[in-house]
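S.K.: Before I ask anything, let me first share the structure, which is written out below as structure tokens.
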């Protein structure tokens, strides 16, 4: 994706146009810029010519019953294939006319008037009729700061685009681009299809690169405090804060939300199909230090002398009708590569400055070229094992052709349909969680958040909607979903949620004990590994930027003690999949229940939650300690850790057991 964007060619002369009016400009950005430099005028640049690309999700086109009939005047085309690759159609834009880009100094404040027009375009077919987008144009969406409408030759809006990465290209300073936008059905298109409820459904992505002219940068300065020291833990760590952005108060053009992108093997009667779920994600630098945001393979930069950037992961959970928590979806890693630096008076680029905001569209988070496995990351230090990765298998420091995900299912979530259907769905609630992993950011719990969602199936298609508790329909909460299950600050009776902090990362253990009557108690332990990994680094490639990981795994055993004379039964284990063949085995010996991972597989790795359960005839009490054991590597032994938390104990009993530092 990045290479193909850079390869586009543009024609036309460069001019600068300045106007006094600024539709949709952010007052906060303007005030900061004017306070910094009263001579720095608000104005408008013109963007013209270049090329616009549509990226259609073929699975969504199939779901909506829409097909591409013709691509007149197309400059290039990659034909889409459901489950494999997006349809990508590029059309040259006309030099005549142009789209106005509002700015204050060097900082983009919104999209103004005008339009980016095209001679060619698409002819689409649907059950309701044809849609003729030949001669289409891009223009500003009303009442949004950074949003676009795609209109036909008569001005009818058929698509909208939001959550843009935008700015002047660093390697082509006279080129302005808006990239990685969500492409959504407009209200008119949804009604045309006879499904007004489809208004806003994302069906792919949109980007354009156009000729423009920024002018003398020395005369147009940034208006914010676009400088800061690099992180220097523990005195000045980074602080990446996950935020929720909505169209009414924010700038992205559309509320952050959660989506089903496609389903593999789904039919009207299927139960084993696999859903891909992802989200829009927004964030703010809430710290006092700069955070590196460099595109992979683009060079070596301070402060780590590498191509450091944050990573994004996401998970899906079910809390069933009996109150059990189970993780049912695990994503790969999304590699971040650019920050727009909104709302802080700073231009976009590869460093996010304090108070600046950024966003990634759900289309962007579904981009195959930026998705890889979690096993390539040392999560506690946010270091990437680039050497030998899916992007650089031969370890030569150059990105391989075709790196990243090879299909539209690889390195995405994979939620099995049965997890969302009766009887498992009876009385259940579902939650989607996502978080950023940033180097030297040790306040990790504000870098993650969760939202309650509901899944629905119609025919062979699945969709997801938010279960809101605020007027705009968004249900967004900071912290992990585990903290919803058991609140660590105010747990209910016979419950606790404690952090295990180790030199190799952090985990949390939450316990809930329920009386079943007749002297029987059900004990549930949810263990979530946030960023613990006992990594094995290749001796031949020990250093960044060409660091290589031979292995990167977490915990392999979990033990709970119980008082002498206690009877335990109904042992249970829940991991993230529906494969009983890789479940952890359980045993009871020496007054202790121990669950163990199969040899060489299914360790409790970072970003993952496992659920353990049993019934005992002893009531809960403090005084004991559970044990988690980190995996051994080729050069280091297992790492045992203990954590004081509620365990079964008989009245007056005391548990004695070996402890570990």
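S.K.: If the requirement is being buried (at least 24 other Cβ atoms within 10 Å of the Cβ) and more than 27 Å from residue 358 (Cβ to Cβ), which of these qualifies: 105, 83, 97, 121?
M.R.: Unique residue meeting the criteria: 121.
This table checks each residue for (1) on the phi < 0 side of the Ramachandran plot; (2) at pLDDT 95 or above; (3) in a loop (DSSP other than H, G, I, E, B).
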{"site": "404", "(1), (2), (3)": "no, no, yes"}
{"site": "409", "(1), (2), (3)": "yes, yes, yes"}
{"site": "418", "(1), (2), (3)": "yes, yes, no"}
{"site": "422", "(1), (2), (3)": "yes, yes, yes"}
{"site": "427", "(1), (2), (3)": "no, yes, yes"}
{"site": "435", "(1), (2), (3)": "yes, yes, no"}
{"site": "439", "(1), (2), (3)": "yes, yes, yes"}
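S.K.: Tell me yes or no: at least one residue of segment 153-160 is buried (at least 22 other Cβ atoms within 10 Å of the Cβ) and in the same structural domain as residue 49 (by TED's automatic domain parsing).
M.R.: yes
S.K.: Another question about this same structure. Over 23 Å from residue 212 (Cβ atoms) and in contact with a helix residue (DSSP H, G or I) (Cβ under 7 Å, 6 or more places away or on another chain): which single residue out of 105, 80 fits that description?
M.R.: 80
S.K.: How many residues does segment 479-524 hold that are surrounded by fewer than 19 Cβ atoms within 10 Å (Cβ to Cβ) and touching a helix residue (DSSP H, G or I) at 6+ places or on another chain (Cβ under 8 Å)?
M.R.: Going through segment 479-524 one residue at a time, the tally reaches 0.
S.K.: Evaluate segment 578-591: report whether one residue or more is buried (at least 16 other Cβ atoms within 10 Å of the Cβ), closer than 30 Å to residue 300 by Cα and touching a strand residue (DSSP E or B) at 6+ places or on another chain (Cβ under 8 Å).
M.R.: Looking for residues that are buried (at least 16 other Cβ atoms within 10 Å of the Cβ), closer than 30 Å to residue 300 by Cα and touching a strand residue (DSSP E or B) at 6+ places or on another chain (Cβ under 8 Å), one finds none in segment 578-591, hence no.
S.K.: Have a look at 80, 65 and point out the one that is touching a residue at least 12 places away in the same chain (Cβ under 8 Å), under 29 Å from the mean Cα position of the chain (by Cα) and on the phi > 0 side of the Ramachandran plot.
M.R.: 65
S.K.: Same structure, new question: Residues 234, 229: which one is over 24 Å from the mean Cα position of the chain (by Cα) and at pLDDT 95 or above?
M.R.: Within the list 234, 229, the selection yields 229.
S.K.: Look at segment 304-325 and say how many of its residues are farther than 12 Å from residue 350 by Cα and crowded, with 16+ Cβ neighbours inside 10 Å.
M.R.: Looking only at that region, the number is 14.
S.K.: Quick check on segment 112-123. Is at least one of its residues modelled with pLDDT of 95 or more, touching a helix residue (DSSP H, G or I) at 6+ places or on another chain (Cβ under 7 Å) and more than 19 Å from residue 46 (Cβ to Cβ)?
M.R.: Taking every residue of segment 112-123 in turn, none turns out to be modelled with pLDDT of 95 or more, touching a helix residue (DSSP H, G or I) at 6+ places or on another chain (Cβ under 7 Å) and more than 19 Å from residue 46 (Cβ to Cβ).
S.K.: Name the one entry in 262, 284 that is outside any loop (DSSP other than H, G, I, E, B) and surrounded by fewer than 22 Cβ atoms within 10 Å (Cβ to Cβ).
M.R.: Sole residue among the options that is outside any loop (DSSP other than H, G, I, E, B) and surrounded by fewer than 22 Cβ atoms within 10 Å (Cβ to Cβ): 284.
A quick yes/no check of all residues on (1) over 20 Å from residue 452 (Cα atoms); (2) in the same structural domain as residue 179 (by TED's automatic domain parsing); (3) touching a strand residue (DSSP E or B) at 6+ places or on another chain (Cβ under 6 Å):
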| position | (1), (2), (3) |
| --- | --- |
| 241 | no, no, yes |
| 252 | yes, no, yes |
| 265 | yes, no, no |
| 277 | no, no, yes |
| 289 | yes, no, yes |
| 311 | yes, no, yes |
| 331 | no, no, yes |
| 339 | yes, no, yes |
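S.K.: Out of (1) surrounded by fewer than 23 Cβ atoms within 10 Å (Cβ to Cβ); (2) closer than 23 Å to residue 349 by Cα; (3) in the same structural domain as residue 109 (by TED's automatic domain parsing), what's the single condition that is false for residue 207?
M.R.: Only one criterion is unmet by residue 207, namely (1).
S.K.: Residues being crowded, with 23+ Cβ neighbours inside 10 Å and over 24 Å from residue 332 (Cβ atoms): count how many of those fall in segment 265-281.
M.R.: So the count comes out to 0.
S.K.: Within segment 218-237, does at least one residue satisfy the condition of being part of a strand (DSSP E or B), out of contact with any helix residue (DSSP H, G or I) (no Cβ under 8 Å at 6 or more places or on another chain) and surrounded by 21 or more Cβ atoms within 10 Å (Cβ to Cβ)?
M.R.: The answer is no; no qualifying residue exists.
S.K.: With respect to the numbered conditions (1) within 28 Å of residue 257 (Cα to Cα); (2) at pLDDT below 95, which one is the sole condition not fulfilled by residue 172?
M.R.: (1)
S.K.: Further, regarding this structure: Could you tell me whether any residue of segment 558-569 is surrounded by fewer than 18 Cβ atoms within 10 Å (Cβ to Cβ) and under 30 Å from residue 424 (Cβ atoms)?
M.R.: yes
The values are calculated or read from the model by the stated rules, or taken from the named source; none is laboratory data. Worth saying up front: this structure is predicted, and the values here are computed from it rather than measured. As a convention, Cβ positions derive from the backbone with ideal geometry for all residues, glycine included, and neighbour counts pool all protein chains shown.
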